[in-house]
Amino acid sequence: MLEELELRDLGPIREAKLVPARGMTSITGETGAGKSMLLSAIRLISGGAADSGRVSAGAKQAWAQGIFQADDGDAALAVAEQAGANVDDGEIFVSRIVPASGRSRAILCGRTVPKSVLAALAQELITIHGQSDQLRIASPARQREFLDRCANNEKERRAYAKAWDMYREIDDRLRRLGSQESSMRQQADYLRESIARIDRVDPQPGELEELKSQRERIEHAAQINAGVAGALAALDSSQGDGGDDYRGADELVRYAAQALRGIRLGGVFEQCADRLDSLQAELEDISFTLSQQLDLDDSGEDLDTINGRIHELDELARRWGPTLDDVIAWRDKARFDVEDLDASPEKLEELSAERDRRLLAARKAAAALTKTRERAAKRLSKDVDDELAQLAMADASLTIAVHARDGDAALDMNGGDDVEFLFTPFKGSPALAMGKSASGGELSRLMLALELSCAGERAGGESDMDGGTMPAMTFIFDEIDAGVGGKAAVELGRRLARLARRAQVIVVTHLPQVASWADSQFVVGKSEDGNGVVSTHVREVIGDARIEEIARMLDGSTTPTSLEHARELLASSKLA
């Protein structure tokens, strides 16, 4: 519900504040006074296009702000919170700044947002029925949305959306697999060839490092033999070639141990002798190990064979490495991958069967959704015709057609049918699409009839807001009284008042028979200062001031007769 509308420097209006009634509010005033600027302000805060040409002369910028009140759970609160707005006590502040030059700014609860956020928010808060706004419902998508709102079929729409998403998920997966089938075969062939090549070489963990070490020893065999022989000669006297007088380290250590024991005093001497014995045993072990390293060039290993093996292993490591362990791990995983790829025909068949099951479920959900639309369309068409008869359009009629689609492509994200609103302005006229067969005034009255009928469908009969329920939507009607007068004007006002029992209604009107039904009335007028500068003001009229305004609307003056007539009109403009 719109609690307050405020604007500055927009067209001829320098400053204005509008606090509309909870039910019905009428906006009146002489032609050209600037009533359209109020609608312009509402369109601005609804994310509409910003026109710098509408900034008041001499002003730097125009500014408009709306304060809306929403209940817990309202979709508008979810939109605001998703945009990052901090909403306190359900109050949503929406404003728009339009500079005389440059880009406009949209602000939600003090936070700058894209204007698309304001548009999304306005869809949950405001419905404008003006001549330029009526064309939006001429689109099939808007007509379907309107019918769904009247059908109160949220349960069926959620069920279908879930079934549709499940079907699309598996259908998209099948399409991807189908398009990838050729590349999957190529991938399987590559994996099989790679596995066979690795198996032919048959790498073993750590083999490459061992072979490279072995090659290095073979290539340096002479150097190794010379070094080992020299070391053995120094360690072991039996390996030396110095004659009988030559003594190796092992013999010298043994002699030292014997000399210490010859002291025969024990203690430190005996301890050192024991340590020398241990050293001699270590020298003998070293000598044995080194002796095993002699004559490597006679080990029978073929250096060319080793180099060839190293080359094969290096090739594997370059392609699937960097190490042989990585190569072996890649081969083992590839074996499982090949199995999965080879099983793809069976997998496709299984997925295809599942897709058929999900498609059948989506079709059943779509059929259930279509039934709700068909039932609502039939009732709504009849109710709208009854309303039009009371709005000076007795020969006009509305047909809401729901066409179920056939074929494989019958379903889409919105169901399996197309919705079409066909309007017949007079008897004998062909039924034409809305927007192509009605004037602006007729469209406004048609939309009032639709809103009234829809409200009745959702409420299940007459109801009002006396229980304290906040109106969920604000309806704004402009040019609804075009071509209407007399009794039809009274009925128009009465039906706007009826709609205001279930929603907040703001109507811009020239007819006193319409304005008199409002719970509050605002007058847009012009004034001129001493310098001849004309400005527009907006003021609420209450009591005698409202009677005078209704009298002015009746015959352009405030004579005793017109004032009495105005009192009678206001007194009679009450719903039973």
Just give me the residues in the range 477-502 being surrounded by fewer than 18 Cβ atoms within 10 Å (Cβ to Cβ) and not in a helix (DSSP H, G or I), in sequence order.
-> Ala482, Gly483, Gly485
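Take the range 170-193 and flag every residue that is more than 18 Å from Glu349 (Cβ to Cβ) and either among the aliphatic types (A, V, I, L, M) or touching a helix residue (DSSP H, G or I) at 6+ places or on another chain (Cβ under 8 Å) (or both).
Residues of the range 170-193 more than 18 Å from Glu349 (Cβ to Cβ): 183, 186-187, 189-193.
Scanning the range 170-193 gives Gln187, Leu191, Arg192.
Just one of Asp244, Asp277 is at pLDDT 85 or above, among the charged types (D, E, K, R) and closer than 23 Å to Ser291 by Cα; which is it?
On the way: Asp244 fails: at pLDDT 85 or above.
Exactly one of Asp244, Asp277 is at pLDDT 85 or above, among the charged types (D, E, K, R) and closer than 23 Å to Ser291 by Cα, namely Asp277.
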Pair list, Cβ < 6 Å and 6+ apart or interchain, from the range 216-232 residues that are within 15 Å of Phe288 (Cα to Cα) to residues that are not in a helix (DSSP H, G or I) | Asn225/Leu294; Val228/Gln293; Val228/Leu294
Any pair with Cβ under 9 angstrom, 6 or more apart, that starts in the range 246-269 at a residue that is in the same structural domain as Ser287 (by the TED database) and ends at one that is assigned to a loop (DSSP other than H, G, I, E, B) and open to solvent by less than 80 Å² (accessible area, probe 1.4 Å) | Tyr246/Gly240; Arg247/Gly240; Gly248/Asp236; Gly248/Gly240; Ala249/Asp236; Asp250/Asp236; Glu251/Asp236; Phe269/Ile263
Elements of type helices (runs of 4 or more DSSP H) contained in the range 136-241, each with 1 or more residues being open to solvent by 60 Å² or more (accessible area, probe 1.4 Å), modelled with pLDDT of 90 or more and among the aliphatic types (A, V, I, L, M) | 154-201
Can Ser444 be described as small (Gly, Ala, Ser) and modelled with pLDDT of 80 or more?
-> no
The condition of being at pLDDT 90 or above and in contact with a helix residue (DSSP H, G or I) (Cβ under 7 Å, 6 or more places away or on another chain) holds, among Ser520, Ser516, Ser572, only for Ser516
Residues that are of a type in the set (S, T, N, Q) and buried (at least 23 other Cβ atoms within 10 Å of the Cβ), drawn from the range 25-44 | Thr25, Ser26, Thr28
Out of the range 88-100, which residues are in contact with a strand residue (DSSP E or B) (Cβ under 9 Å, 6 or more places away or on another chain) and open to solvent by 20 Å² or more (accessible area, probe 1.4 Å)?
-> Asp89, Glu91, Phe93, Ile97, Pro99, Ala100
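Being free of Cβ contacts under 8 Å to residues at least 40 places away in the same chain and more than 30 Å from Leu360 (Cα to Cα): is that true of Ala394 here?
Working: free of Cβ contacts under 8 Å to residues at least 40 places away in the same chain: yes; more than 30 Å from Leu360 (Cα to Cα): yes.
It is true that Ala394 is free of Cβ contacts under 8 Å to residues at least 40 places away in the same chain and more than 30 Å from Leu360 (Cα to Cα).
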All but one of (1) at pLDDT below 90; (2) of a type in the set (Phe, Trp, Tyr); (3) touching a Phe, Trp or Tyr at 6+ places or on another chain (Cβ under 7 Å) hold for Trp330, so report the exception by its number.
-> (1)
Selection count where residues are modelled with pLDDT under 90 and farther than 24 Å from Gly493 by Cβ, scope the range 390-409 = 4
Counting only residues that are open to solvent by 10 Å² or more (accessible area, probe 1.4 Å) and touching a Gly at 6+ places or on another chain (Cβ under 7 Å), how many does the range 368-396 have?
-> 2
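Per-residue answers, yes or no, for (1) part of a loop (DSSP other than H, G, I, E, B); (2) farther than 30 Å from Asp172 by Cα:
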site	(1), (2)
Ala361	no, no
Ala366	no, no
Val384	no, yes
Leu398	no, yes
Asp408	yes, no
Lys427	yes, yes
Glu442	no, yes
Leu448	no, yes
Cys454	no, yes
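With the condition kept exactly as written, say whether any residue in the range 304-314 is within 30 Å of Leu208 (Cα to Cα), open to solvent by less than 60 Å² (accessible area, probe 1.4 Å), without any contact (Cβ under 8 Å) to a residue 24 or more places away in the chain and not aromatic (Phe, Trp, Tyr).
First, the residues of the range 304-314 that are within 30 Å of Leu208 (Cα to Cα): 304-314.
When the remaining residues are screened for being open to solvent by less than 60 Å² (accessible area, probe 1.4 Å), the result is 306-310, 313-314.
Imposing the further condition that a residue be without any contact (Cβ under 8 Å) to a residue 24 or more places away in the chain reduces the set to 308.
If we keep only those that are not aromatic (Phe, Trp, Tyr) too, we end up with 308.
Within the range 304-314 (the criterion being within 30 Å of Leu208 (Cα to Cα), open to solvent by less than 60 Å² (accessible area, probe 1.4 Å), without any contact (Cβ under 8 Å) to a residue 24 or more places away in the chain and not aromatic (Phe, Trp, Tyr)), the answer is yes, since at least one residue qualifies.
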Check the range 530-549 and report whether any residue there is over 18 Å from Thr28 (Cα atoms) and in contact (Cβ under 8 Å) with a residue 60 or more places away in the chain.
-> yes
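Among Val534, Val524, Val538, which is farther than 21 Å from Leu125 by Cα, under 43 Å from the mean Cα position of the chain (by Cα) and open to solvent by 20 Å² or more (accessible area, probe 1.4 Å)?
Values: Val534 fails: under 43 Å from the mean Cα position of the chain (by Cα); Val524 fails: open to solvent by 20 Å² or more (accessible area, probe 1.4 Å).
Result of the check over Val534, Val524, Val538: Val538.
Within the range 75-86, is there a residue that is closer than 21 Å to Lys17 by Cα and either buried (at least 19 other Cβ atoms within 10 Å of the Cβ) or in contact with a Pro (Cβ under 6 Å, 6 or more places away or on another chain) (or both)?
Quick first cut of the range 75-86, residues closer than 21 Å to Lys17 by Cα only: none.
Among the residues of the range 75-86, not one is closer than 21 Å to Lys17 by Cα and either buried (at least 19 other Cβ atoms within 10 Å of the Cβ) or in contact with a Pro (Cβ under 6 Å, 6 or more places away or on another chain) (or both), which makes the answer no.
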Breaking point among (1) of a type outside the set (Gly, Ala, Ser); (2) over 32 Å from the mean Cα position of the chain (by Cα); (3) modelled with pLDDT of 80 or more, for Leu450 = (2)
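Residue check: is Arg331 buried (at least 17 other Cβ atoms within 10 Å of the Cβ), over 24 Å from Asp412 (Cα atoms), in contact (Cβ under 8 Å) with a residue 40 or more places away in the chain and not hydroxyl-bearing (Ser, Thr, Tyr)? Even if it seems obvious, please write down each step before you answer.
Values: buried (at least 17 other Cβ atoms within 10 Å of the Cβ): yes; over 24 Å from Asp412 (Cα atoms): yes; in contact (Cβ under 8 Å) with a residue 40 or more places away in the chain: yes; not hydroxyl-bearing (Ser, Thr, Tyr): yes.
Against the criterion (buried (at least 17 other Cβ atoms within 10 Å of the Cβ), over 24 Å from Asp412 (Cα atoms), in contact (Cβ under 8 Å) with a residue 40 or more places away in the chain and not hydroxyl-bearing (Ser, Thr, Tyr)), Arg331 qualifies.
I'd like to verify a number: residues in the range 560-575 that are hydroxyl-bearing (Ser, Thr, Tyr) and open to solvent by 50 Å² or more (accessible area, probe 1.4 Å), how many?
Of the residues in the range 560-575, the ones hydroxyl-bearing (Ser, Thr, Tyr) are 561-562, 572-573.
Imposing the further condition that a residue be open to solvent by 50 Å² or more (accessible area, probe 1.4 Å) reduces the set to 561, 572.
Residues flagged as hydroxyl-bearing (Ser, Thr, Tyr) and open to solvent by 50 Å² or more (accessible area, probe 1.4 Å) within the range 560-575 amount to 2.
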For Lys436, are the conditions met, namely being modelled with pLDDT under 90, touching a Phe, Trp or Tyr at 6+ places or on another chain (Cβ under 9 Å) and not in a helix (DSSP H, G or I)?
-> yes
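The values are calculated or read from the model by the stated rules, or taken from the named source; none is laboratory data. None of these values were measured; they are calculated from a predicted model. Glycine also receives a Cβ, built like all others from the backbone with ideal geometry; neighbour counts cover every protein chain displayed. Heavy atoms of the whole protein, side chains included, go into the accessibility calculation; ligands, DNA and RNA do not. Shrake-Rupley method; radii C 1.70, N 1.55, O 1.52, S 1.80 Å.
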